[in-house]
Amino acid sequence: MRTLAAATCISLLATAVLADPLPSWNTGETKSAIISFVEAVTDPASEDYVTPADRIAVFDNDGTLWAEKPVYFQIFFAMDMVKKMEESELTSDALKAAAAGDIEALLATGKEGLLEVLAASHTGMSVVEFKESVAAWLESAVHPTTGMPYTAMVYQPMLELLSYLRDEDFATYIVSGGGIDFIRVISEDAYNIPVSQVVGSSLVSEYFDDSGTPMLMKTPDLFFNDDKAGKPVAINHHIGKRPIFAAGNSDGDFQMLEWTTSRDGPSFGLYVHHTDAEREFAYDRDSHVGRLVRGLDEGPGRGWLIVDMATDWATVWPTE
């Protein structure tokens with residue numbers, strides 16, 4: 001009887017572990033808040049029930065789904081592309097800094113310098129050629145301080161959250177300030193999010209028919225900047241519905257969370273707070289990338305969940 005009881009206990013424990021939708025999240029108020037919200041909006045008997053068609057969840061990418069330090073990974077890609085240019089083409093301090101791999105010098109050139117580097121590395125080619133260059137780069141490029149492939153620096157707890165929401169009939173979207181064509185290269189393999197559910201910043205593309213071969217060519221002109229107040233605009237344009245769940249990590253996501261949680265009916269706003277210098281990076285108010293001030297000051301009063309990476313996440317990377 002004792003053996004049978006022990007076996008039954010082990011079986012129940014195994015079932016409980018398997019039933020945990022967020023195994024990489026430490027037990028506590030943060031994990032409980034997420035699960036309670038999902039259970040409430042998916043229970044037909046709940047007054048907060050939301051039909052599957054309206055279960056829209058939006059996620060920022062850099063710093064929310066994968067890392068973003070010391071600079072956005074798309075900047076590293078741009079710098080590596082500039083390194084392939086001829087020396088005679090390096091006509092500015094920004095291009096020379098990028099070719100030399102000098103991040104600090106590149107950042108010192110300001111927004112104009114960054115835009116110049118992005119233009120040099122992202123345009124003058126077709127959309128297909130650009131995506132092929134991103135895919136090739138991701139196959140071999142590694143992060144300068146961790147030595148990890150960039151595609152390995154996704155957050156395991158957020159992958160579980162995405163999966164959990166989809167299992168509960170949420171549609172999950174990426175809404176990022178990063179380039180839409182860049183993110184679409186990784187979205188399916190990294191997050192199981194189809195390219196049609198990626199919203200991002202974009203350059204103007206022009207249609208050309210070159211000797212019977214139609215193509216879309218990328219130009220240096222900015223089409224849309226999907227950041228800050230631009231995020232709700234882009235969500236409305238691409239998705240057409242107000243989300244009920246929004247997750248970000250910086251003040252660039254503030255308006256997205258604000259718009260999501262001001263809807264009639266249940267909603268959820270979540271901020272990933274980077275507090276773990278040992279396993280990832282620790283930064284917020286004074287950071288030039290992923291700066292988080294208003295979100296920390298106003299988020300709790302608005303009922304938004306502030307995820308403390310150091311205490312709320314049992315693991316950070318999928319390889320741990």
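The values are calculated or read from the model by the stated rules, or taken from the named source; none is laboratory data. Fair warning: this is a prediction, and the values are worked out from it, not measured in the lab. Please note: Cβ atoms are built from the backbone with ideal geometry, for glycine as well, and neighbour counts cover all protein chains shown.
Against the criterion of being surrounded by 13 or more Cβ atoms within 10 Å (Cβ to Cβ), within 26 Å of Arg263 (Cβ to Cβ) and at pLDDT 95 or above, Gly200 qualifies. Glu47 meets the conditions (1) modelled with pLDDT of 95 or more; (2) farther than 22 Å from Ile174 by Cα; (3) not assigned by TED's automatic domain parsing to the domain that holds Tyr164 in every case but one. The failed one is (3). Within segment 20-30, which residues are surrounded by fewer than 21 Cβ atoms within 10 Å (Cβ to Cβ) and outside any loop (DSSP other than H, G, I, E, B)? Result: Glu29, Thr30. Quick check, is Leu270 over 24 Å from Pro21 (Cβ atoms) and of a type in the set (A, V, I, L, M, F, W, C)? No, not satisfied. For segment 68-83, the tally of residues that are surrounded by fewer than 20 Cβ atoms within 10 Å (Cβ to Cβ) and farther than 30 Å from Asp276 by Cα stands at 1.
Would you confirm whether or not segment 183-197 contains a residue that is of a type in the set (Asp, Glu) and surrounded by 21 or more Cβ atoms within 10 Å (Cβ to Cβ)? No, every residue in segment 183-197 fails to be of a type in the set (Asp, Glu) and surrounded by 21 or more Cβ atoms within 10 Å (Cβ to Cβ). Checking each residue in segment 30-43 for being free of Cβ contacts under 8 Å to residues at least 60 places away in the same chain and in contact with a Ser or Thr (Cβ under 9 Å, 6 or more places away or on another chain) picks out only Glu39. In segment 55-109, counting only helices (runs of 4 or more DSSP H) that sit wholly within it, the ones holding 3 or more residues that are at negative phi and touching a Ser or Thr at 6+ places or on another chain (Cβ under 6 Å) span 73-82.
Residues being closer than 26 Å to Met153 by Cα and either under 17 Å from the mean Cα position of the chain (by Cα) or of a type outside the set (Asp, Glu) (or both): count how many of those fall in segment 258-293. Walk me through it before giving the result.
Start the filter on segment 258-293 by keeping residues that are closer than 26 Å to Met153 by Cα, which leaves 268-293.
Applying the additional criterion that residues be either under 17 Å from the mean Cα position of the chain (by Cα) or of a type outside the set (Asp, Glu) (or both) yields 268-275, 277, 279-285, 287-293.
Residues in segment 258-293 being closer than 26 Å to Met153 by Cα and either under 17 Å from the mean Cα position of the chain (by Cα) or of a type outside the set (Asp, Glu) (or both): 23 in total.
Among the residues of segment 203-225 satisfying the criterion of being closer than 20 Å to Gly252 by Cβ and surrounded by fewer than 19 Cβ atoms within 10 Å (Cβ to Cβ), which is nearest to the chain's Cα centre (by Cα)? It would help to see each step written out before you state the result.
So in segment 203-225, the residues closer than 20 Å to Gly252 by Cβ come out as 203, 222-225.
From what is left, the residues that are surrounded by fewer than 19 Cβ atoms within 10 Å (Cβ to Cβ) are 222-225.
Working: Leu222: 21, Phe223: 20, Phe224: 18, Asn225: 15 Å.
Selected residue: Asn225.
Here Thr64 passes the criteria (1) touching a Phe, Trp or Tyr at 6+ places or on another chain (Cβ under 9 Å); (2) outside the structural domain of Asp251 (by TED's automatic domain parsing); (3) of a type in the set (Val, Ile, Thr) except the one numbered (2).
Does Val50 satisfy the condition of being assigned to a strand (DSSP E or B) and surrounded by 15 or more Cβ atoms within 10 Å (Cβ to Cβ)? Please lay out each step first, then the result.
Working: assigned to a strand (DSSP E or B): no; surrounded by 15 or more Cβ atoms within 10 Å (Cβ to Cβ): yes.
No: the conditions fail for Val50.
For segment 84-139, filtered to residues that are of a type in the set (Lys, Arg) and surrounded by 14 or more Cβ atoms within 10 Å (Cβ to Cβ), the residue that is nearest to Ser205 (Cα to Cα) is Lys131.
Tallying residues that are over 15 Å from Ile183 (Cβ atoms) and not in a helix (DSSP H, G or I) within segment 110-154 yields 13.
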